[in-house]
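A.B. asks: Sharing a structure with you now.
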Amino acid sequence: MPARHVVDSEEAADLLRLVRTIAAEELAPRSATAEAEEKFPRDIFTMLGRAGLLGLPYPEEYGGGGLSYVNYLAVLEELAAVWASIGVGVSVHALSAYPLVTAGTEEQKRRWLPEILGGDLLGAYCLSEPHAGSDPAAMRTRAVRDGDAWVITGTKAWTTHGGQADYYTVMARTGDERGDISCFLVPGDVAGLHADPPEHKMGLTGSATATMRFDGVRIEADRLIGGEGNGLKLALAALDSGRLGIAAVATGLAQGALDKAVAYAQQRETFGERIIDHQGLAFLLADMAAAVVASRATLRSAARLRDLGCAFSTEASVAKLVSTDNAMRVTTDAVQVLGGYGYTRDFPLERYMREAKVTQIFEGTNQIQRMVISRALDRSRGGEIVSR
């Protein structure tokens with residue numbers, strides 16, 4: 001099997017070993033039941049927070065792990081290889097913290113980040129709306145200044161951790177122009193904030209996804225993050241990093257499916273041979289492995305640009321597109337390797353296949369990624385050379 005991760009320090013290698021142990025001992029025994037029963041595993045996130053895994057890519061001075069994005073995404077992979085809902089949840093939590101980390105005042109950071117990055121508070125990210133999914137500038141949720149407070153009214157759709165989160169990072173319109181959008185940190189228990197019943201999804205059923213309704217939600221003025229009118233810029237920057245997170249989840253999901261398909265092919269026999277010894281199936285497994293390795297390489301390339309402080313928006317879209325399309329193909333082929341057994345719920349591969357589908361949709365559909373990439377091509381005047 002090709003090398004899975006190349007990390008930049010022994011400390012990072014030790015962290016990945018810890019994550020694998022947690023995944024094997026804490027996540028794997030519960031994943032199938034929780035997904036079948038559609039139960040949100042809030043205690044798992046508390047445990048991950050206490051292990052220091054919810055703030056890994058953010059500064060140590062505020063309670064984070066100070067980890068490079070390359071190494072952080074390797075952690076997401078390991079979690080998602082066992083339980084995709086948890087990988088998605090960790091990625092979304094990091095996404096919800098991004099505006100505060102990058103644009104909050106020093107006072108705001110010291111007030112809220114230690115509990116957020118330490119896992120005492122679980123976050124959610126409210127950007128999409130029922131009529132404005134891929135076009136966030138068209139949002140209608142509005143925040144109006146009222147003395148020393150902001151009052152938020154509107155509806156946010158497809159909120160991961162909706163109804164379960166302790167705080168919501170919310171984008172809302174604060175002016176009449178298309179781009180007049182601001183970012184707010186909204187407590188989960190504030191009056192006027194309500195969650196609809198969770199969506200009934202085909203996959204990631206252990207992850208709560210709900211529409212959030214803001215009925216005159218009143219919050220303190222100091223919960224405005226990054227200044228008035230800067231919300232859309234923050235939202236799009238956050239999505240660049242969030243797309244890397246989803247690409248890592250998709251890559252981990254594909255790796256988990258490949259691992260299970262190989263293990264089955266090594267022990268299943270037909271016509272007196274292990275099925276992995278039949279060339280037709282062996283080549284299918286080889287193509288699956290090549291897809292996983294290619295996804296990981298594309299993901300690491302984009303993450304390295306981020307770590308270097310370089311522009312990486314286009315590369316994030318490429319990584320998200322490649323990794324999620326590959327995950328869909330690899331999980332589908334993994335079901336094929338197991339034949340009839342792959343189609344049953346006695347094995348997790350049918351679940352992996354259902355989970356892979358949504359990775360092509362959220363954090364910007366793959367059609368949106370193609371649009372981002374093609375527009376970057378139209379603007380390009382030759383590739384940039386980057387050095388450390």
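The values are calculated or read from the model by the stated rules, or taken from the named source; none is laboratory data. Treat the numbers as computed from the prediction; the structure is a model and nothing was measured. Methodologically, a virtual Cβ is constructed for each residue, glycine included, from the backbone with ideal geometry; neighbour enumeration extends over all protein chains shown.
A.B. asks: Please state which one of GLU115, GLU25, GLU78 is touching a Lys or Arg at 6+ places or on another chain (Cβ under 6 Å), modelled with pLDDT of 95 or more and among the charged types (D, E, K, R). Don't jump to the end; show me each part of the working.
C.D. replies: Details: GLU115 fails: touching a Lys or Arg at 6+ places or on another chain (Cβ under 6 Å); GLU25 fails: touching a Lys or Arg at 6+ places or on another chain (Cβ under 6 Å).
From the options GLU115, GLU25, GLU78, the qualifying one is GLU78.
A.B. asks: Another question, if that's okay. Just for segment 139-151: of the residues that are of a type in the set (A, V, I, L, M, F, W, C) and under 10 Å from ARG173 (Cβ atoms), which one is surrounded by the most Cβ atoms within 10 Å (Cβ to Cβ)? Outline the logic, then answer.
C.D. replies: Step one: of segment 139-151, the residues of a type in the set (A, V, I, L, M, F, W, C) are 139, 143-144, 149-151.
With the extra rule that they be under 10 Å from ARG173 (Cβ atoms), the set shrinks to 139, 143-144.
Numbers: MET139: 24, ALA143: 28, VAL144: 13.
For segment 139-151, the residue satisfying everything is ALA143.
A.B. asks: Further question on the same structure: So which pairs qualify, if the first residue must be in segment 76-105 and crowded, with 24+ Cβ neighbours inside 10 Å, the second must be of a type in the set (Lys, Arg), the Cβ gap must be under 7 Å, and the two must be at least 6 apart or on different chains?
C.D. replies: So the pair list comes out as GLU78/ARG20; LEU100/LYS109.
A.B. asks: Suppose the filter is surrounded by 15 or more Cβ atoms within 10 Å (Cβ to Cβ), assigned to a loop (DSSP other than H, G, I, E, B) and not small (Gly, Ala, Ser); does VAL170 pass it? Walk me through it before giving the result.
C.D. replies: Details: surrounded by 15 or more Cβ atoms within 10 Å (Cβ to Cβ): yes; assigned to a loop (DSSP other than H, G, I, E, B): no; not small (Gly, Ala, Ser): yes.
It is false that VAL170 is surrounded by 15 or more Cβ atoms within 10 Å (Cβ to Cβ), assigned to a loop (DSSP other than H, G, I, E, B) and not small (Gly, Ala, Ser).
A.B. asks: Take ALA34 and tell me if it is closer than 27 Å to MET353 by Cβ and within 18 Å of the chain's Cα centre (by Cα). Spell out the reasoning first.
C.D. replies: Working: closer than 27 Å to MET353 by Cβ: yes; within 18 Å of the chain's Cα centre (by Cα): no.
No: the conditions fail for ALA34.
A.B. asks: For segment 251-258, indicate whether the set of residues that are of a type in the set (S, T, N, Q) and either modelled with pLDDT under 95 or closer than 18 Å to ARG306 by Cβ (or both) is non-empty.
C.D. replies: The initial filter retains those residues of segment 251-258 that are of a type in the set (S, T, N, Q), namely 251, 255.
If we keep only those that are either modelled with pLDDT under 95 or closer than 18 Å to ARG306 by Cβ (or both) as well, we get 251.
Checked against the condition, which is being of a type in the set (S, T, N, Q) and either modelled with pLDDT under 95 or closer than 18 Å to ARG306 by Cβ (or both), segment 251-258 yields at least one hit.
A.B. asks: Taking the residues in segment 45-72 that are farther than 18 Å from ARG110 by Cα and over 16 Å from the mean Cα position of the chain (by Cα) as candidates, determine which candidate is surrounded by the fewest Cβ atoms within 10 Å (Cβ to Cβ). Before the answer, list the steps.
C.D. replies: At the first step, the residues of segment 45-72 found to be farther than 18 Å from ARG110 by Cα are 45-48, 50-51, 53, 67-72.
From what's left, over 16 Å from the mean Cα position of the chain (by Cα): 46-47, 50-51, 67-68.
Numbers: THR46: 14, MET47: 16, ARG50: 12, ALA51: 14, LEU67: 25, SER68: 20.
Checking each candidate, the answer is ARG50.
A.B. asks: Sort out which residues of segment 255-269 are acidic (Asp, Glu) and either closer than 18 Å to VAL292 by Cα or in contact with a helix residue (DSSP H, G or I) (Cβ under 6 Å, 6 or more places away or on another chain) (or both), and write them in order of number.
C.D. replies: Within segment 255-269, just ASP259 meets the criteria.
A.B. asks: Looking at the structure I just gave you, is GLY104 modelled with pLDDT under 95 and either in the same structural domain as THR205 (by TED's automatic domain parsing) or of a type outside the set (Lys, Arg) (or both)? Break it down stepwise before answering.
C.D. replies: On the way: modelled with pLDDT under 95: no; either in the same structural domain as THR205 (by TED's automatic domain parsing) or of a type outside the set (Lys, Arg) (or both): yes.
So GLY104 does not fit the description; no.
A.B. asks: Among the candidates VAL82, VAL19, VAL88, VAL75, single out the residue that is of a type in the set (A, V, I, L, M, F, W, C), within 14 Å of GLY252 (Cα to Cα), in contact with a helix residue (DSSP H, G or I) (Cβ under 8 Å, 6 or more places away or on another chain) and not in a helix (DSSP H, G or I). Even if it seems obvious, please write down each step before you answer.
C.D. replies: Details: VAL19 fails: not in a helix (DSSP H, G or I); VAL88 fails: not in a helix (DSSP H, G or I); VAL75 fails: not in a helix (DSSP H, G or I).
Exactly one residue qualifies, and that residue is VAL82.
A.B. asks: Still on this structure, I have one more. Would you mention how many residues in segment 173-203 are among the hydrophobic types (A, V, I, L, M, F, W, C), part of a strand (DSSP E or B) and under 22 Å from the mean Cα position of the chain (by Cα)? Don't jump to the end; show me each part of the working.
C.D. replies: Keep residues of segment 173-203 that are among the hydrophobic types (A, V, I, L, M, F, W, C), which gives 181, 183-186, 190-191, 193, 195, 202.
Applying the additional criterion that residues be part of a strand (DSSP E or B) yields 181, 183-186, 193, 195.
Now narrow it down to the ones that are under 22 Å from the mean Cα position of the chain (by Cα): 183-186, 195.
Residues meeting the conditions: 5.
A.B. asks: Of all residues being touching a Gly at 6+ places or on another chain (Cβ under 6 Å) and not acidic (Asp, Glu) in segment 66-86, which is farthest from SER295 (Cα to Cα)? Just the residue, please. Spell out how you get there, then give the answer.
C.D. replies: Initially, segment 66-86 is screened for residues touching a Gly at 6+ places or on another chain (Cβ under 6 Å), giving 76-77, 79-81, 85.
Cutting the leftovers down to not acidic (Asp, Glu) gives us 76, 79-81, 85.
Values: LEU76: 14, LEU79: 16, ALA80: 14, ALA81: 14, SER85: 20 Å.
By that ranking, first place goes to SER85.
A.B. asks: Let me ask something else. Looking only at segment 181-199, which residues are surrounded by fewer than 22 Cβ atoms within 10 Å (Cβ to Cβ) and touching a Lys or Arg at 6+ places or on another chain (Cβ under 6 Å)?
C.D. replies: Across segment 181-199, the qualifying residue is only HIS194.
A.B. asks: Taking the stated definitions as given, is PHE283 under 30 Å from ALA124 (Cα atoms) and of a type outside the set (Gly, Ala, Ser)? I'd like the intermediate steps shown before the answer.
C.D. replies: Values: under 30 Å from ALA124 (Cα atoms): no; of a type outside the set (Gly, Ala, Ser): yes.
Considered against the rule, which asks whether it is under 30 Å from ALA124 (Cα atoms) and of a type outside the set (Gly, Ala, Ser), PHE283 comes out as no.
A.B. asks: Scanning for something within 18 Å of the chain's Cα centre (by Cα), crowded, with 19+ Cβ neighbours inside 10 Å and in the same structural domain as ALA334 (by TED's automatic domain parsing), does segment 274-294 turn up at least one residue?
C.D. replies: Going through segment 274-294, the residues within 18 Å of the chain's Cα centre (by Cα) turn out to be 292.
Narrowing further to those that are crowded, with 19+ Cβ neighbours inside 10 Å: 292.
Those left that are additionally in the same structural domain as ALA334 (by TED's automatic domain parsing): 292.
Yes, because at least one residue in segment 274-294 is within 18 Å of the chain's Cα centre (by Cα), crowded, with 19+ Cβ neighbours inside 10 Å and in the same structural domain as ALA334 (by TED's automatic domain parsing).
A.B. asks: Here's a follow-up. I'd like to check something: does segment 120-136 contain any residue that is aliphatic (A, V, I, L, M), modelled with pLDDT under 95 and not in a strand (DSSP E or B)? Step through it out loud before you land on a result.
C.D. replies: Kept after step one, since they are aliphatic (A, V, I, L, M), are these residues of segment 120-136: 121-122, 124, 127, 132.
Retained after the next criterion (residues that are modelled with pLDDT under 95): 132.
Still in the list and also not in a strand (DSSP E or B): none.
So far as segment 120-136 goes, no, none of its residues is aliphatic (A, V, I, L, M), modelled with pLDDT under 95 and not in a strand (DSSP E or B).
A.B. asks: Return the pair list, or none, for Cβ contacts closer than 6 Å from residues in segment 194-223 that are assigned by TED's automatic domain parsing to the domain that holds MET139 to residues that are basic (Lys, Arg) and not in a helix (DSSP H, G or I), at least 6 apart or on different chains.
C.D. replies: Pairs that qualify, where the first residue is assigned by TED's automatic domain parsing to the domain that holds MET139 and the partner is basic (Lys, Arg) and not in a helix (DSSP H, G or I), are HIS194/ARG213; MET212/LYS156.
A.B. asks: Restricting to segment 323-350, what's the tally of residues that are of a type outside the set (Phe, Trp, Tyr) and surrounded by fewer than 23 Cβ atoms within 10 Å (Cβ to Cβ)?
C.D. replies: Here is the first cut: in segment 323-350, the ones of a type outside the set (Phe, Trp, Tyr) are 323-340, 342, 344-346, 348-350.
If we keep only those that are surrounded by fewer than 23 Cβ atoms within 10 Å (Cβ to Cβ) too, we end up with 325, 328-329, 332-333, 335-336, 338-340, 344-346, 348, 350.
Total satisfying the criteria: 15.
A.B. asks: Would you call ALA24 surrounded by fewer than 19 Cβ atoms within 10 Å (Cβ to Cβ) and of a type in the set (Gly, Ala, Ser)?
C.D. replies: On the way: surrounded by fewer than 19 Cβ atoms within 10 Å (Cβ to Cβ): yes; of a type in the set (Gly, Ala, Ser): yes.
Considered against the rule, which asks whether it is surrounded by fewer than 19 Cβ atoms within 10 Å (Cβ to Cβ) and of a type in the set (Gly, Ala, Ser), ALA24 comes out as yes.
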